[in-house]
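S.K.: Sharing a structure with you now.
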Amino acid sequence: MESTKKQVSLELLPWLVVHTDGTIERLAGTEVCPPGLDPETGVFSKDIIIEPKTGLSARIYRPFSIQTDQKLPLVLYFHGGAFLISSASFPCYHTSLNKFVNLANVIAVSVNYRLAPEHPLPTAYEDSWTALKTIQAINEPWINDYADLDRLYLVGDSAGANISHHLAFQAKQSDQTVKIKGIGMIHPYFWGTQPIGSEVKDEARKKMVDGWWEFVCPSEKGSDDPWINPFVDGSPDLEGLGCERVMITVAEKDILNERGKMYYERLVKSKWRGKVEIMETKEKDHVFHIFEPDCDEAMEMVRRLALFINEVET
C-alpha cells in the first residue's frame, strides 16, 4: 500500500514548506483573531474591504475616546513576515496595534496585502499602493470623522518597512496627490548578496535569509534585486524619498541590524532634505516587540514611535 503522506520538496524554515504536489504548508503566522473592543487598551477595531475585485482588506483601529472635533494622525501599517506569512488579523499584530494606537492616539489601518508565493511579488507592493491611494478616498466614517490626512504616516516592520520605503518613492513619482508626512521603519527587511557586518560570520542566517528572498522573488539578481537592496544599480536615489521625516529602529541581535544602520547612514549623507532618526534596542532580536509586547524594550520602542508620529522631540 502506497503512503499518502506528502513529500516535501522545499523547506523555508521556520516559515513554510512546499510539497512535491505544489501545495504550501505554512508553519507560522496562520492564527487569526477577530476585531472588536480590546478590554486592555479600550481600542476599537473592525475589518474593512479596500478593493472588492481582489479582496484586499484591512483592519482599522481607533482609540476609545475621541472628541468630535478632534483629528488624529492616520497611520497605514504594513505587517512583516518575509512576504510569506502572517496577516492583519494575526493575534500578535492585533495585540501590537491595539497597544500602539492606545499609546500614540492615532487612527491606524493595518493592510492585509496578499502573500507570496500564491501571489508573487510585486503583488504585495501593488496591494499596498492600492491601499495608500484608496484609503484617503474610501467612504469610511472612522477616517472621514477622525483622521487628519495631512498627517499621514506609513509604518511597517520587517517586510512592511521595506514596503513603506518603496511606497514613499512611488507616492512622490505619482501625479496623484498622495502626500506622506513620514515613515516609521521597524527592523527593515533590506538585504544584499555581499555580506556586511555580522552577516560575514553568521553564514547560516545569511544563507537562510538569501533563501527566503530567492523564493518570493526568483530572479538572476538574487538578493541584489532593487526590491530588497536599496543601494544597487536600479534602486531609486534616496534623495527622492517622498516624505519629510523617517524613523528607523533596529535590534542589536537582528541579522538585519547592519542593513538598517546602513540605510540611516546613506539617508543622512544623501541630498534628501528631511529629518531622520534611528533607535537601537540592545540585546533583542528581529521584531521582538511583536512577540514580547509587554517587555520594557518593546514599550520604549512603541513610545518613541508614538512621539515621532506626534512630532514630539525626544
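The values are calculated or read from the model by the stated rules, or taken from the named source; none is laboratory data. Keep in mind it's a predicted model, so treat the numbers as computed, not measured. All Cβ positions, even for glycine, are placed from backbone atoms using ideal geometry, and neighbour counts span all protein chains on display. These accessible areas exclude ligands, DNA and RNA; they are computed on the full protein's heavy atoms, side chains included. Shrake-Rupley method; radii C 1.70, N 1.55, O 1.52, S 1.80 Å.
S.K.: With respect to Ser270, is the statement that it is buried (at least 19 other Cβ atoms within 10 Å of the Cβ) and hydroxyl-bearing (Ser, Thr, Tyr) true? I'd like the intermediate steps shown before the answer.
M.R.: Working: buried (at least 19 other Cβ atoms within 10 Å of the Cβ): no; hydroxyl-bearing (Ser, Thr, Tyr): yes.
Spelling it out, it is not the case that Ser270 is buried (at least 19 other Cβ atoms within 10 Å of the Cβ) and hydroxyl-bearing (Ser, Thr, Tyr).
S.K.: While we're on this one: Condition test on Asn257, is it over 15 Å from Gly184 (Cα atoms), touching a residue at least 40 places away in the same chain (Cβ under 8 Å) and among the polar types (S, T, N, Q)?
M.R.: yes
S.K.: What are the pairs with Cβ atoms under 6 angstrom where one residue, in the range 295-310, is without any contact (Cβ under 8 Å) to a residue 40 or more places away in the chain and in a helix (DSSP H, G or I) and the other, located anywhere, is among the polar types (S, T, N, Q) and crowded, with 20+ Cβ neighbours inside 10 Å? Sequence gap at least six, or different chains.
M.R.: Listed by first residue and then by second, the contacts come to Glu297/Thr281.
S.K.: Filter the range 15-35 for residues that are open to solvent by 80 Å² or more (accessible area, probe 1.4 Å) and of a type in the set (A, V, I, L, M) and give the result.
M.R.: Scanning the range 15-35 gives Leu27, Val32.
S.K.: Given (1) at pLDDT below 90; (2) more than 20 Å from Ile143 (Cβ to Cβ), where does Ile85 come up short, assuming only one miss?
M.R.: Against the list (1) at pLDDT below 90; (2) more than 20 Å from Ile143 (Cβ to Cβ), Ile85 comes up short only on (1).
S.K.: Enumerate the pairs (first residue in the range 86-115 and open to solvent by 10 Å² or more (accessible area, probe 1.4 Å); second residue anywhere and of a type outside the set (Val, Ile, Thr) and part of a helix (DSSP H, G or I)) with beta-carbon separation below 6 Å, excluding pairs fewer than 6 apart on the same chain, so at least 6 apart or on different chains.
M.R.: From the range 86-115, the pairs are Leu103/Ala306; Arg114/Asp127.
S.K.: Within the range 282-294, restricting attention to residues that are in a helix (DSSP H, G or I) and in contact with a strand residue (DSSP E or B) (Cβ under 9 Å, 6 or more places away or on another chain), which residue is farthest from Leu97 (Cα to Cα)?
M.R.: Filtering first and then ranking leaves Phe288.
S.K.: Yes or no: Val287 within 11 Å of Ile186 (Cα to Cα) and either open to solvent by less than 30 Å² (accessible area, probe 1.4 Å) or among the aliphatic types (A, V, I, L, M) (or both)? Steps first, please.
M.R.: Values: within 11 Å of Ile186 (Cα to Cα): yes; either open to solvent by less than 30 Å² (accessible area, probe 1.4 Å) or among the aliphatic types (A, V, I, L, M) (or both): yes.
Yes, satisfied.
S.K.: Working only within the range 229-267, note down all residues that are open to solvent by 10 Å² or more (accessible area, probe 1.4 Å), under 20 Å from Val75 (Cβ atoms) and not basic (Lys, Arg).
M.R.: Gly242, Cys243, Glu244
S.K.: Which of the residues belonging to the range 148-172 are part of a strand (DSSP E or B) and open to solvent by less than 10 Å² (accessible area, probe 1.4 Å)? Please lay out each step first, then the result.
M.R.: The initial filter retains those residues of the range 148-172 that are part of a strand (DSSP E or B), namely 148-157.
Once the filter is applied, which keeps residues that are part of a strand (DSSP E or B) and open to solvent by less than 10 Å² (accessible area, probe 1.4 Å), the range 148-172 yields Leu152, Tyr153, Leu154, Val155, Gly156, Asp157.
S.K.: Among Pro91, Pro141, Pro120, which is the only one that is farther than 16 Å from Arg62 by Cα and modelled with pLDDT under 95?
M.R.: Pro120
S.K.: Next question, about the same structure. Of everything in the range 116-144, what is over 24 Å from Leu305 (Cα atoms), open to solvent by 60 Å² or more (accessible area, probe 1.4 Å) and in contact (Cβ under 8 Å) with a residue 24 or more places away in the chain? Give them in sequence order.
M.R.: Glu118, Pro120
S.K.: Does Lys206 fit the bill of being open to solvent by less than 50 Å² (accessible area, probe 1.4 Å), touching a Lys or Arg at 6+ places or on another chain (Cβ under 9 Å), touching a residue at least 12 places away in the same chain (Cβ under 8 Å) and among the basic types (Lys, Arg)?
M.R.: No, not satisfied.
S.K.: Of the conditions (1) in contact (Cβ under 8 Å) with a residue 24 or more places away in the chain; (2) more than 19 Å from the chain's Cα centre (by Cα); (3) on the phi > 0 side of the Ramachandran plot, Gly36 clears all except one; give me its number.
M.R.: (1)
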